[in-house]
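Student: What follows is a structure written as structure tokens; I'll ask about it next.
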Amino acid sequence: GENVEQHPSTLSVQEGDSAVIKCTYSDSASNYFPWYKQELGKGPQLIIDIRSNVGEKKDQRIAVTLNKTAKHFSLHITETQPEDSAVYFCAASAASGGSYIPTFGRGTSLIVHP
Amino acid sequence: GAGVSQSPSNKVTEKGKDVELRCDPISGHTALYWYRQSLGQGLEFLIYFQGNSAPDKSGLPSDRFSAERTGGSVSTLTIQRTQQEDSAVYLCASSLALGAGDEQFFGPGTRLTVL
């Protein structure tokens, strides 16, 4: 089955700095890579995703890059703000038995200091 | 509009008791998923439903865990004879369908503590 590794587990930055979270996956059949943000006491919320036919996608201050050859993808947050503080999860999914059940990384706790 | 709701938000129970967790998905979403989130861990997939059917139950940790969905809507996750290692946050998500890229919308979770 799929195995997703996520690093770092904790990331502490100053407001205005950039933050980068990296994930690797094992199943070459994976073709959909979402990123979720989980704030305290809430469920994860999708913030950006990328498919295997795209190398990079950007949405305002966040961007995701994908390297299918190396089987890794990264989340980039620029000009970080205190409200970016949360736990971020990467995931990878591919069709299995007709469904797409994502495998999640262990999460990265991002702390943005004002 | 209304998102995914879960109840109760917190549940404290004694070892050996049965618990039932409820999930109300977004109206019209045919796919429903249950995950378990332990402290410092990622999301562990438990089971999914397409309509009322659960094609793959292999993610359930043991035969003490069961889930059902009725009317293509509400789902319940039941844990029998709870153990301390069952303590975790149980998350439910729903999506419009089961295709790749169908966004999963998560509920706030039920925090289960087994004493």
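The values are calculated or read from the model by the stated rules, or taken from the named source; none is laboratory data. Just so you know, these numbers come straight off a predicted model, no measurement behind them. Please note: Cβ atoms are built from the backbone with ideal geometry, for glycine as well, and neighbour counts cover all protein chains shown. Accessible surface is based on the protein model in full, side chains and every heavy atom, while ligands, DNA and RNA are left aside. Shrake-Rupley method; radii C 1.70, N 1.55, O 1.52, S 1.80 Å.
Student: Filter the stretch B:62-73 for residues that are open to solvent by 60 Å² or more (accessible area, probe 1.4 Å) and closer than 16 Å to B:G16 by Cα and give the result.
Tutor: B:D63
Student: Could I ask something else about it? Of all residues in the stretch B:74-103, count the ones that are open to solvent by 10 Å² or more (accessible area, probe 1.4 Å) and of a type outside the set (G, A, S).
Tutor: 13
Student: Taking into account only those residues within the stretch A:67-90 that are open to solvent by 20 Å² or more (accessible area, probe 1.4 Å) and more than 23 Å from A:H113 (Cα to Cα), which is nearest to the other protein chains (Cβ to nearest Cβ)? Write out each step before concluding.
Tutor: Start the filter on the stretch A:67-90 by keeping residues that are open to solvent by 20 Å² or more (accessible area, probe 1.4 Å), which leaves A:67-72, A:76, A:78-79, A:81-83, A:85, A:87.
Now drop any that are not more than 23 Å from A:H113 (Cα to Cα), which leaves A:67-72.
Working: A:N67: 19, A:K68: 15, A:T69: 20, A:A70: 21, A:K71: 17, A:H72: 17 Å.
Ranking the qualifying residues of the stretch A:67-90, first place goes to A:K68.
Student: Among what's in the stretch A:91-101 and is open to solvent by 10 Å² or more (accessible area, probe 1.4 Å) and within 8 Å of chain B (Cβ to nearest Cβ), pick the residue that is modelled with the lowest pLDDT.
Tutor: Across the stretch A:91-101, the extreme among qualifying residues is A:G98.
Student: Answer yes if at least one residue in the stretch A:58-66 is more than 12 Å from every other protein chain (Cβ to nearest Cβ), in a loop (DSSP other than H, G, I, E, B) and either without any contact (Cβ under 8 Å) to a residue 60 or more places away in the chain or in contact with a helix residue (DSSP H, G or I) (Cβ under 6 Å, 6 or more places away or on another chain) (or both), and no otherwise. It would help to see each step written out before you state the result.
Tutor: Step one: filter the stretch A:58-66 for residues more than 12 Å from every other protein chain (Cβ to nearest Cβ), giving A:58-66.
Pick out the ones that are also in a loop (DSSP other than H, G, I, E, B) and you get A:60-61.
Right, trim to either without any contact (Cβ under 8 Å) to a residue 60 or more places away in the chain or in contact with a helix residue (DSSP H, G or I) (Cβ under 6 Å, 6 or more places away or on another chain) (or both) and you get A:60-61.
Scanning the stretch A:58-66 turns up at least one residue that is more than 12 Å from every other protein chain (Cβ to nearest Cβ), in a loop (DSSP other than H, G, I, E, B) and either without any contact (Cβ under 8 Å) to a residue 60 or more places away in the chain or in contact with a helix residue (DSSP H, G or I) (Cβ under 6 Å, 6 or more places away or on another chain) (or both).
Student: Then there is this: Identify, please: which residue in the stretch B:1-39 is of a type in the set (S, T, Y) and either within 14 Å of another protein chain (Cβ to nearest Cβ) or in a strand (DSSP E or B) (or both) and is, among those, most open to solvent (accessible area, probe 1.4 Å)? If you could, list the steps in order and put the result at the bottom.
Tutor: Here is the first cut: in the stretch B:1-39, the residues of a type in the set (S, T, Y) are B:5, B:7, B:9, B:13, B:27, B:30, B:33, B:35, B:38.
Subset that is either within 14 Å of another protein chain (Cβ to nearest Cβ) or in a strand (DSSP E or B) (or both): B:5, B:7, B:9, B:13, B:30, B:33, B:35, B:38.
Working: B:S5: 52, B:S7: 50, B:S9: 78, B:T13: 14, B:T30: 54, B:Y33: 4, B:Y35: 0, B:S38: 38 Å².
Restricting to residues being of a type in the set (S, T, Y) and either within 14 Å of another protein chain (Cβ to nearest Cβ) or in a strand (DSSP E or B) (or both), the top hit is B:S9.
Student: Shifting gears a bit: Six or more apart or on different chains, Cβ under 6 Å: which pairs go from a residue in the stretch B:101-115 that's more than 11 Å from A:L46 (Cβ to Cβ) to one that's open to solvent by less than 10 Å² (accessible area, probe 1.4 Å) and outside any strand (DSSP E or B)? Could you list them?
Tutor: Hits for this filter: B:V114/B:T82; B:V114/B:D86.
Student: Looking only at residues in the stretch A:34-48 that are more than 10 Å from every other protein chain (Cβ to nearest Cβ) and in a strand (DSSP E or B), which one is surrounded by the most Cβ atoms within 10 Å (Cβ to Cβ)?
Tutor: It comes out as A:W35.
Student: Of everything in the stretch B:40-63 that's touching a residue at least 12 places away in the same chain (Cβ under 8 Å) and part of a loop (DSSP other than H, G, I, E, B), which residue is nearest to the other protein chains (Cβ to nearest Cβ)?
Tutor: B:G59
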